[in-house]
Every structure is written in C-alpha cells, then in structure tokens.
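Heads up, the thing below is written out as structure tokens.
All of the numbers you see were taken from the coordinates with simple rules; none came from a lab. Quick caveat: nothing in here was measured; it's all calculated off a predicted structure. Here Cβ is always computed from backbone atoms with ideal geometry, including for glycine, and neighbour counts include all displayed protein chains.
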Number of protein chains: 4
Amino acid sequence: MVIGAKPPKRPFASDNSAGAHPAVMEGIAAANQGHTLAYGSDPWTDRLVEEFSRLFDTDVATYPTFNGTGANVLALGTVLGPGEAVVSTPWSHITVDETGAPERILGTKIIEVPSSDGKIAVDALASLDHLRGVQHHSQPGVLSITQVTELGTVYTPDEITALVDASHERGMRVHLDGARLANAAAAVGGIESLRAMTVGAGVDVITFGGTKNGGLGAEAVVVLDPDLAAPVPYLRKQYNQLASKMRFLSAQLLVLLRDDLWLDLASHANAMGARLYEATRKIPGVDHPWTPEANSVFPVLPLDVVSPLQEWSFFWPWDPEKGQVRWMTAWDTTEEDVELFSLGVAEIMGS
Amino acid sequence: MVIGAKPPKRPFASDNSAGAHPAVMEGIAAANQGHTLAYGSDPWTDRLVEEFSRLFDTDVATYPTFNGTGANVLALGTVLGPGEAVVSTPWSHITVDETGAPERILGTKIIEVPSSDGKIAVDALASLDHLRGVQHHSQPGVLSITQVTELGTVYTPDEITALVDASHERGMRVHLDGARLANAAAAVGGIESLRAMTVGAGVDVITFGGTKNGGLGAEAVVVLDPDLAAPVPYLRKQYNQLASKMRFLSAQLLVLLRDDLWLDLASHANAMGARLYEATRKIPGVDHPWTPEANSVFPVLPLDVVSPLQEWSFFWPWDPEKGQVRWMTAWDTTEEDVELFSLGVAEIMGS
Amino acid sequence: MVIGAKPPKRPFASDNSAGAHPAVMEGIAAANQGHTLAYGSDPWTDRLVEEFSRLFDTDVATYPTFNGTGANVLALGTVLGPGEAVVSTPWSHITVDETGAPERILGTKIIEVPSSDGKIAVDALASLDHLRGVQHHSQPGVLSITQVTELGTVYTPDEITALVDASHERGMRVHLDGARLANAAAAVGGIESLRAMTVGAGVDVITFGGTKNGGLGAEAVVVLDPDLAAPVPYLRKQYNQLASKMRFLSAQLLVLLRDDLWLDLASHANAMGARLYEATRKIPGVDHPWTPEANSVFPVLPLDVVSPLQEWSFFWPWDPEKGQVRWMTAWDTTEEDVELFSLGVAEIMGS
Amino acid sequence: MVIGAKPPKRPFASDNSAGAHPAVMEGIAAANQGHTLAYGSDPWTDRLVEEFSRLFDTDVATYPTFNGTGANVLALGTVLGPGEAVVSTPWSHITVDETGAPERILGTKIIEVPSSDGKIAVDALASLDHLRGVQHHSQPGVLSITQVTELGTVYTPDEITALVDASHERGMRVHLDGARLANAAAAVGGIESLRAMTVGAGVDVITFGGTKNGGLGAEAVVVLDPDLAAPVPYLRKQYNQLASKMRFLSAQLLVLLRDDLWLDLASHANAMGARLYEATRKIPGVDHPWTPEANSVFPVLPLDVVSPLQEWSFFWPWDPEKGQVRWMTAWDTTEEDVELFSLGVAEIMGS
C-alpha cells in the first residue's frame, strides 16, 4: 500500500514535534542582552512571577523549570508529606511516562485507581479510604490529575472542584499536571475557565506547560497556596531543575502569557483537532470511539493500514492490538496539513 | 566610598551571567524549522553524537542535558554501584552547590577528602582504604574531580592520569565535572589537551559544560566507556533531564563544537582573566594569593572596600572573613570591561 | 448475636500472632553465653551460612535480617539494576503492605500486573514487552513472586520454572518472597520441593521467612547465585537490617533448620488450615470460594455475622463488602482450637 | 610476644559483644505466651509506651525498633524537612558507620562540622549560617548529637541545652543519638540527668539504646514533642523497622526500664571503664590521652604490642597509625575481667 497523496508538512505525531513560535524566539533573542544575574535573580523572572499572579488573579508562587517531568516531580514534592503516596490514574504521565522519576526522586509510591477515560472519579478516592490510618500502607496524600488528560479528555471546573473537595476532606492535597492546561482552558472557555479549574477549584499546585504550546522548552510550577512555597527553591535545585540562565526560560513564558498568546495557540491546536476529527470521521473504515475535546484524536484503523500510513506521515500507535492510534495537532498545524492528511487517510482506506 | 569611574558593561559576577553567543542563537533559530521527532530522535542530536566522538577521537556516548547539576547527577548515576559513595573535595560543586541533589536522587553519600587548592591528591584516595571491605561504611566507588576546579586551578593531564590509575586500581570509576572543561583545555593547550585529560587519562564519564561557555542552556554527559552507557537513557529521564524538544539543546552544542568555537570562547575568557589579574595585581592593597589558571581570579581586598565595590559593579564574595572575593570573566568579557573595572578598583583603593 | 461457645485459645488472626517455638527460645538462650563478635562474626552465623547451603544443596550466600519487609527490600536491591522496575501482582506484600519501603529505599517503581489468584501468569510478562527499550518507561528488571501467595495459593515448581525462564529470556532477575516459603514447601512435598521451586527453577534471590513459622523475629535473604552477593553486606546495613547481636537471629534460624523443624511446623500449620476448612465447609451459610492450599482460609460469611464472630475470636477481614474474611493457622494451632472455633461459627450461623 | 597470663573471659571489644542480661531473657520468655496481635497492638508495647512517658516525666511517643541505625534513620526522618540537611560531627555514627543509610533512605545530606572531642560546639552552628536562605545549599535542618559521643565523651545537660537553643533559634530540630544514653545518664547523675539532657534541654527526638546495655536487640525512637509523631508509624514500616512480633522488643525494654535496671547496668559498665583506666594508667608505656567519661577507654600503646595484645584478647583499633586503641566495657564486665586484662597489658609492656 503506497499512498500517492502529498503528505502534510507537519505530521500529527505530537505537539512536542513542533518547534517554537516565532514570538517566543524573538522573546529569547530580546532577553539575550548583556549580563544579568543567574538562577532567577533577573528582571524577566521577576516579571514572570508577577504575570502569573495576574493570570490567576491571586498571589501565586511561580517557579520556571526545564521540562514537564521536572515540573511534575517538583510540584509533587511540594505537597507530599512523609509516609504519603500519590494517587493517579494508570494512564497518568507521572506513572507511565516518567521512567519512575517520582519514585526515584521523591521516594514515593504512586497508587493507581482505575479510569476508563483518563479522569478520576470522586468515588475512586473513597475506594482508598481503607488504607488510611493503617501503618502498613502508604497514606494517600496527594491526588494528581492531568488536564487535558492523557486520553484527550478535559475535566470541567466542577469536576475538579468536586475532586479537590473530596481530597481536602481527607487531608490530601491536589496537584494538576497541566502540560496541556492551555488546551483545556481553551476547550472549556478561556481565562475564566483556567481560573475556575485551578484557583477556583482549590487546586494546591500545578504544572503549567509551555513547551508543547509554542515554547522552546519551559514549564512552570505554580504554587497556588503560597504558604506551601517556602521549600520550593531548594527542591527545584535538588531535583535538577534550576536553570542558571533562567532569563531564557522566563522570557519564553512571558511571551506566551503576553496578550494571551498561550490561549490563542491552544485554541488553534484544538480547532485543528476538531477539524481533523471532522475530516476523517466520515471516511469508511475510520472509527472514532472518542470525540476529541482538545488537540488529540484517537481513531481506530484497520490493522493493516496503520504501518503504511505511519510510513507516509508519522504518528504514534495508542493501542496496537486494536488498531487505535493517536493523531495530535499542534500550535502550528495548518488547515492544509489537516486536509492533506485526511486525503491520505481516505486514499489508503480506498474511499 | 563612592566610585566615580564608569562601571564595566559586563560585571565579573559569573560566566553564568553572560548571555548566549550570537552563533548559538543563530543555531537555535536554524533548528526551529518545522516538525521533528521529540526526545532526541532528531537530526541535530544525531549529528551531535557524531561530533562528540570526533572531538574525543573515539566512540563516546553523548547525552545532552539541561544543566550542570543534572549532568553531574546523571554522570555519577552512570558509574555508581550499589552501596557505594562518591569521593570529592569539600569544595566540589556536587557537595556544596547542588542542594543535595546527588544524595537525594542517587541516595549516595559524598565523602569529602581535604584539599587546599581544589584538587585531590593521589594520597587522599589511600586515606580511604581503611573503609574498604568493611560493611559499616559506604564503599568509595566513584572519584569525582572538577576541571577547572572550584578554586580556579587546573589539573594537568598527568595529574588526572595518576588519579584515574589510583582509582581504577581500587576498583573505582572516575567522573570529571567539566562545567568549565573548555577553560581547562584552553589553559593547558587545546584539543589535544582535552583528549589527554579525559580519554587519554582513562576518565570514565564527564560532564561537558556548554552553558557557561556561550550556550543558552545546554550541557552533555559524555560516557567515555560506551559499555557503561546502556542505562543512561532511562536514568536521564528519571533524573528530569530528558528534553522533549531536544534539537534545541543539540543545536547549541553543535554550534559550540563547530570550528572549535568552544575552545575560542574559553581561551578568550581565560585571557581576560589573566588580563584582569595583571591589571589589578599592582594596585596597592589588592592581594592575589592565587595566580589565575583559567577564567576566575580570587583577590583579597581590604574588608571595607568589598561592599562599595560590589555596589558599583557586582561580584560574589568567596571568603568574607578574609575579604577574599571572586572575579570571573566570561566568553563576552571585553578588554574595555577589564580596564574599566580595574580603574574602579584602583580608585577605591586610593591609588 | 452473642456466642456462647468457648473461644479457641489461639485465634485465627495471623501466624504473626503466635509466639516463638520453645526450641527457638532454647536456641536463643543457648546462644546467650559470654561475648562474641558482633555484626555476624560469630559461630552461630557461620554455621547458619553452611546450613543454608546444605538446605539448598548448593553454595548460597545467606544474610539474616530482622523482618520480612527488610528482607524483601534487601533481596530486591540485590538484583535491581539502574532504571529498572519491579514487577508483581497488585496483591503483593511489597506493593500493598510495606508502606512504600521499596519505592523509598530502592527508588524503584513497582509495576503491577493483574492476577486473580495471587499468581503471575507467564503471559503477564509479555504484556510489558512494549515498555522495553523505550526511555520513557522504567524497564521491567525484576519479577517478584510470593510463595505462598497473599491469596493463599501455592505455585508449583513448574510454574515458577516457567516464570523464571520467561524472565531470564527478557534479561530480568527473579525474587521470591518466601515469608511463608516453608508452608509452600510443605504443601508441595518437602525439601525436594523447596529446592525445585527455588534453585531448581533458577530463582535468583529469595526471602526465607522464619518469624511466622515459629521464630521470635528472624528472616534471611538467600542469594542463590553467589555472584550477585558482593554488595549485599553493605546494602544490608544501608537498609537498616544489620543486627549487632546477630547471633540471636542466626540461633533462631539454626533451630528452625535443625532436624527440619521448619518443615514440620509449616506442615502442621497447613494441616490445621485444611482441618479448619473441612470443619467449616459444611456449615450452612459459610461459603468457601477458594480451597486452601497452605495455612490460610478465605471464607465468605453473611455480612452481619462477621463483627460478632470477630468480637468472640478475632480474625482479619479480607474483602469487607463481600463478607470475605481470612482465617489463618499457625505453627501452634491445635486441633482443639479448630474445633472450638468451628463450633462458634456453627453457633452463630444457627446450625 | 606471647602473653602467658590468662585472658579475661569477656574481652573489651565492644558492648555489642556482650549477650543479653538474664532478666531480659526472662522477660522475653515471659512474653512468649500464646497469641497476641502483631505489629505493636499488644499489651507489652502498650505498657512500654506508658513506661517511657513515666521515665521522661512527660508524655512522649515511643516506637520500638530493631537496631540503632534504624532508630537513627527513623528519628531523623521524623524531624527532617524538605530540602534540609542533617548536621553532625565527622565522628558521628550516622555519617561514618551506617553505610550511608541516612543518605539512601532519607535522601539527605549530612553536613559535618569539625570537632576534636566528639562534641559539637555552639559556634559550629553559626559557621553554617551562610548557607541559610541560599537555594544552592541544603538547608541545615536537624542537628544530630551523640550521647555518649563516639569518642567516649559526655555532654553535660547545659551543653545540650545550649545546642538546642542555638538550633531552635535557627529553626532547626535536634536529634540525640542515644545508643549509649544510659551510660551518659549514669555518668552525669541518673534519671534526673537523663531528663535534664533530653526533655529539659528541649531535644526533639531521641534514639534510646537498649541493645548495648543488656538487651538482645531493641532500641526505641522517643519523640519528645508528640506533635511530631503523627507520621512515625508509617515511616517506621517504610524504613524496615516495624517488628511483627513486637512484644519481644517491648518486653526487652520493659525489663530494662523496670527498677531502673538500665541505669544500674550502665553504671556498672562505666565503673568498669573507670577501673580499667585506673588499672592500666600506671603501666609504663600505656598512655591515656583521654580520661574516660563512660564505658570506653582510648589508650595509646606502642605500635608493636597492639597485634599481640589483640590476639591474646581482642579489641578494636581506633587510630592505627598512632597506636590508639579502644577498650570498651559492657554491662557484664567483671572486676576479674579488668584485673586479668590489666595483667596481660602489664606483662606485654614488660612491667
């Protein structure tokens, strides 16, 4: 099976495959002027800290980090107490895709509770109550949820509020892994939604992703309850996440926050995801078991077309036995990319 | 005491205070073209791996990382065995300036052996022999040396060879923290010296610094014995050091390696250090207990001039009680910077 | 509901609730004569090392430890490589009942594979093959199986052999948590079975339980492949498991090994388990979904009888929603204990 | 050099070489009656908790553990905060003799401050103040002192009070490693001294040693500020220190606390230490640079007599190059042991 159609310029492998937005590159270049103190004592970082408080409309403590795994480990370390475990779904990035970084660096267990759609249900917390107060078990101490989830679903602010309430009632803190938080905010309704699903919901600490959303490489740990922030600077260095030339991380995030670029880029990626879904759902043989809520699409394809399609324009498998694959749009995906890719899919499906 | 002279445009606080070299910025911009696979499956990283083998004139395994602490922890994790400790001077960055990252992430002890000049003497290893084979003591497993040392001194290739031999005889591996390895190579004699003090000496793994030497933020762990490299990819992610858009790290290092830019920048910084030493050594009241070997100068000043001088043009104290301070040059320090700064020093010293 | 019958002298809560066998007490007292060197340099420990090699009919390296969690962590630490995870069922003691000790001390992840009967199937290992060689995932490095399993089932030597083969093919090592290995050996056929399910099967390291089987408090890590043993003495101390007055641990285990007392005690406990099963299976309302294979019985009772029965003679719940409970026999359970307890069960069931 | 004199029945190698006191053995045997719940839910442990509050004349939280390393790690883990380091002398058991257990299990750095006599001076804390608030350094969080120190010296209650005050002023907590706390209390003046040097001084958590002082193997972590105790049960299991048949640990400690046996045994050991010092100080060639304060004596001998003397009646070297050795008395050392040993020393010294 060879596909004659022209492949898209930007495949649908991952938003990590995209480069940096031109404005981000300009922001970095603009920060590259002369000397400034290292390790965060620079004007860009100072401004960034202010901008994040503005974004969340409350005083938050913000710590730029290099990457998402580092940000997640730092965020978890900020809210994890002695003898405690982290609770997440079996799909979570922290338990599946971080090569055991939380276990290694935090010395913690991650307790997985079942989930069919990437979200945790409030009931799942109750299912762990029998562990409480029993010295033989790691105590559930931190709930970690991912927004957008690893399965492409998006929590509503109400869902997160309910989870936070159920956690706080149990003395647990809540971490939100927001590697794609921008896409979630865009999906739900913008800045007010962002606030509602974080500060409003009572989340304690978040990972705010910048890299996948037009950054070169920059994330931030945002501690929403500043009372928890005192040890974070030490932990950031201890976990290998303190940048010497931090201005270049902060400058990236400043550009993303400026004029809500972060939201525009995420909205665009989401729109391209919806478009890809629409463009392929009517192709006979393409099954979409899930409706995309953000920038990832998880179709099921006939087993024999997956490899040739990947060779033509690469994407990652999801559930190889079922033929389920993942198509992911990015901040720079174009309508033409979607169209070309859909044509290729249609061609290989013989329609 | 107010200094009337004009301060230098680039203070002497740290080579970390400098920005990125223009060619590095161009290299990053050139890498920002379209999509490429994330996490190191990109052409820039592929080429970088080849370039490092060319640089060291032997097959080495190279892993870009975000920062020096991360690189050091990864390098140590690569060569540390169960029940083993790391041995270093009490001045080493790994024991003093990394907020306990090696202890936290590797679960290891760092055994400090005395050193007056930042170097470890061969005898120091013998002083730990009584620990060997005794179950109550962490076993000295890895010698970690820093080149350029934290006190600005530079090991000769022969000195390193002797330390490696003494280590290997004891079944220990050797890590070289080369955050400023470029400056050391430049100080001793260039590329051949680099090879002599690493591969030639038998060092097992090195941290190769790029950030302080014109980079935006990029280091590399170079495993000189590729037999040790198998677990490194997993450890890199586990220690929070796997970049998703790795091309932007690799592109920086590629520019530094191209046409030996790394060596030129380091040579320049060293020359400015020597110049600063020469320009200030004759000023009455300025005592230079140590002769600079690379890009740092450690003069002793009268206690009452330190603060006013710092306010005029910032630098870091070294031994505050003695009035010893650290002046550090960078890849972008100019002759004019040195001259202006020296004039200010002379003015405050009343000469 | 009040039970009129006389409760058994020894309830069925746990084999941990039993005391030490008189011969063990005598062995300890006999070892309490004068001075001997600490930390294992004593004649009792020397003899114990020999006795274990005799027991397994091959040279093994034996390290007494204080408790089962410590022994498991030490055994896992002996065979776990860098970047690797442990694989077990979700029922395993190491993942459920050790308060995260392996994660904390070893910095490792435990990957749970489904199991309905406490055993791991060979297929379960294949289900993890997609993790291999991918830097984002902890690499399955050690298979940990429990014998007797936490659900009271017993692996046959052939089943273990198949698991070891499947593990070794994948470059994995195998740990056997034998907190109740004696009961398993007794269940399958004695010393030859013990050898067949460990050395014969190719297991790499085992936890050999003594405490539950008549000891006062003593376990042993037995490294079946002595090539792996070099770092164990250091790890034992590092993991808090080095006894200063080790003779008192070794003396316990020596008594258990003498004249196969370990096997006799375990056989007796198993026989009492079978007897308890037989004595209660015909009582209307008592459902035995599982047939006991060793010394634990897991009946399902009407929900309303559980509490009164526990108050009369304590035992632990297993699956409270279903009314499943656990009755466990010990080395000192008597036929009279079984009879009295069965009478109480019958009384409360109204028969 | 062969010594003709009869060697003492109990050499002076270590108080760890002694066995258990007969009353301790009886206490264990008495606790070996029937079934009781495991893991500390037993009457012996309940009583022990009360007895410790009585001993310290205030409500304390007491946790029996297996050994001193485990107790130290647990005690440190109880009071150590995120990003913090432990401060001790370079002689401390935790940094020298625990094979890196604190670093491995707690992920912490131990910062060593100089000490000539095994004690920490208040000034030493001030020498670390430059680390505070600087994100590159582990923050001094816990002061760990040893009483009796590893060099055989004893802190006065006033000295400890001053250290605690200086620590608390800095926001640090204080751990007292009391593997030989009984000997210290006996040296200073008994129970009131014990209280003065712990509760009175404001110490936060202690390791209370039982093993060296007539126990079979039992220590306790005593949390003097019960507000800190909440996570300790989980940490105890996580650090491999939860005994299943805990009654046998508690029974040992109960016997030691009964009728102040702990104090009598320690007083006796101290008296034997003083006697050994007196009996050997006048022997020409035996130099006693230090006056013994508890149960250890550190004489300097001519280099050529050390080995023959050790062969005749074993003891451990201390500083082999200087010929300094350690002679340690125990709860069961007799006057005859001292006399016989002194005769041997005199014989080999030719007097």
Q: Starting from a label point 7 Å past Cα on the Cβ side, list the distances from B:Lys9 to the same position in the other copies, nm, shortest first.
A: 3.7, 8.8, 9.5
Q: Give the distance, in whole Å, between the Cα centre of region C:181-201 and the Cα centre of region D:143-219.
A: 49 Å
Q) What is the local net charge at D:Trp316, summed over the other residues whose Cβ is closer than 13 Å to its Cβ (Lys, Arg +1; Asp, Glu -1)? A) -3
Q. Which of rounded, prolate, oblate describes the protein assembly as shown, given a ≥ b ≥ c as roots of the alpha-carbon gyration tensor eigenvalues and a/c under 1.5 marking rounded, otherwise prolate only if a/b is larger than b/c?
A. oblate
Q.
Less than 15 Å Cβ to Cβ from D:Gln139, Lys/Arg counted +1 and Asp/Glu -1: what total charge do the surrounding residues give?
A. +1
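Could you tell me whether region A:88-129 comes out rounded, prolate or oblate from its Cα gyration tensor? Rule is a ≥ b ≥ c as square roots of the eigenvalues, rounded for a/c under 1.5, then prolate if a/b exceeds b/c, otherwise oblate.
Judged from the Cα gyration tensor, region A:88-129 comes out oblate (a/c at least 1.5, b/c at or above a/b).
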Q: Mind jotting down the distance between the C-alpha centroids of region D:115-135 and region B:8-23, whole Å?
A: 34 Å
Q: Could you pull the copy-to-copy label distances for A:Ala30, with points set 7 Å along Cα to Cβ, in nm to one decimal and sorted shortest first?
A: 2.6, 8.1, 8.5
Q: For chain D, state the semi-axes of the equivalent ellipsoid (square roots of 5 times the eigenvalues of the alpha-carbon gyration tensor), sorted largest first and rounded to whole angstrom.
A: 34, 26, 17
Q: Between beta-carbons, use under 15 Å as the cut-off and find the net charge around C:Ala162, counting Lys and Arg +1, Asp and Glu -1.
A: -3
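Under the definition of Cα pairs under 8 Å and six or more residues apart, what whole-number percent is the relative contact order of chain C?
This gives 27 percent for chain C.
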Q.
Modelling each spin label as a point 7 Å along the Cα-to-Cβ direction, I'd like the B:Asp158/B:Asp123 distance in nm, to one decimal.
A. 1.8 nm
(Q) Nearest the rotation axis from A to D, which residue of chain A has its beta carbon, and at what whole-angstrom distance? (A) A:Gly107, 3
Q: Find which of D:Leu181, D:Pro43, D:Ser116 sits farthest along the positive direction of the dipole of chain D, computed with +1 on the beta-carbon of Lys and Arg, -1 on that of Asp and Glu, about the Cα centre.
A: D:Pro43
Q.
What are the ³J(HN,Hα) couplings of region A:244-252, residue after residue, when phi is run through the Karplus curve with 6.51, -1.76, 1.60 and θ = phi - 60°? Round to Hz, x for glycine and proline.
A. 6, 8, 5, 3, 6, 6, 5, 4, 4
Q | Gaussian network model of chain C, springs between alpha carbon atoms under 10 Å - residue of C:Gly118, C:Gly210, C:Gly133 with greatest fluctuation | A | C:Gly133
(Q) Quick check on the protein assembly as shown: of the DSSP beta bridges with both residues there, what percent are antiparallel, nearest 5%? (A) 50 percent
Q.
Given a 10 angstrom Cα cut-off, can you work out which residue in B:Trp312, B:Trp327, B:Trp262 is the most mobile in a GNM of chain B?
A. B:Trp312
Q.
Helix A:68-79 against the longest principal axis of chain A: what's the angle in degrees, Cα atoms only, rounded to the nearest 10?
A. 30 degrees
(Q) Rounded to the nearest 20 debye, what is the charge dipole size of region A:95-158 about its Cα centre when +1 sits on each Lys and Arg Cβ and -1 on each Asp and Glu Cβ? (A) 240 debye
Q | Cα-based reach from B:Lys237 at 20 Å (exclusive), listing lysines while leaving out same-chain residues under 8 positions away | A | A:Lys109, A:Lys212, A:Lys237, B:Lys245, C:Lys109
Q: Taking H placed 1.01 Å from N in the peptide plane, check which residues at least 5 places from C:Thr99 or on another chain put their amide H under 5 Å from its amide H.
A: A:His137, A:Ser138
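How high is the FRET efficiency between A:His168 and C:Arg258 when r is their beta carbon distance and R₀ equals 41 Å, given to the nearest 0.05?
Working: r = 57 Å, r/R0 = 1.38.
FRET efficiency, A:His168 to C:Arg258: 0.10.
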Q | Tensor-based shape of region A:1-120 (alpha-carbon gyration tensor, a/c under 1.5 rounded, otherwise prolate or oblate) | A | oblate
Q. For region B:138-191, what is the relative contact order in percent, using Cα pairs closer than 8 Å and at least 6 residues apart in sequence?
A. 49 percent
**Q.** Helix A:43-56 vs. chain A, principal-axis angle (Cα, 0 to 90°, nearest 10)
**A.** 80 degrees
Q | Max mean-square fluctuation residue, GNM over chain D, Cα-Cα springs under 10 Å, options D:Leu143, D:Leu151, D:Leu131 | A | D:Leu131
Q. What does the charge dipole of region B:261-349 about its Cα centre add up to, to the nearest 20 debye, if the Cβ of each Lys and Arg holds +1 and the Cβ of each Asp and Glu holds -1?
A. 240 debye
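Can you compute the FRET efficiency between D:Glu192 and D:Ala30 using 1/(1 + (r/R0)^6), with r the Cβ-Cβ distance and R0 = 22 Å? Round to the nearest 0.05. Each step should come with its number before you reach the end.
Numbers: r = 30 Å, r/R0 = 1.37.
Between D:Glu192 and D:Ala30 the formula returns 0.15.
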Q. So which lysines can C:Lys322 reach, going by Cα to Cα under 23 Å and dropping same-chain residues fewer than 8 places off?
A. C:Lys119, C:Lys282
Q | Residues listed by number, region D:95-122, amide nitrogen under 15 Å from D:Trp316 label point at 7 Å toward C-beta | A | D:95-100
Q. Of the beta bridges DSSP finds with both residues in chain B, what % are antiparallel, to the nearest 5?
A. 50 percent
Q. Against the longest alpha carbon principal axis of chain A, how many degrees, from 0 to 90 and to the nearest 10, is the axis of helix A:335-348 turned?
A. 50 degrees
Q) Assigning unit charges at the beta carbon (Lys, Arg +1; Asp, Glu -1) and nothing else, what dipole magnitude in debye, to the nearest 20, does chain B show about its Cα centre? A) 680 debye
**Q.** Other-copy label distances relative to D:Pro114, 7 angstrom Cα-Cβ extension, nm
**A.** 0.8, 6.5, 6.5
Q) Measuring from label point to label point, each 7 Å out along Cα→Cβ, what is the B:Glu336 to A:Thr58 span in nm? A) 5.0 nm
Q.
Please compute the modelled spin-label separation between A:Ser307 and B:Ser351, points set 7 Å along Cα→Cβ, answer in nm with one decimal.
A. 7.8 nm
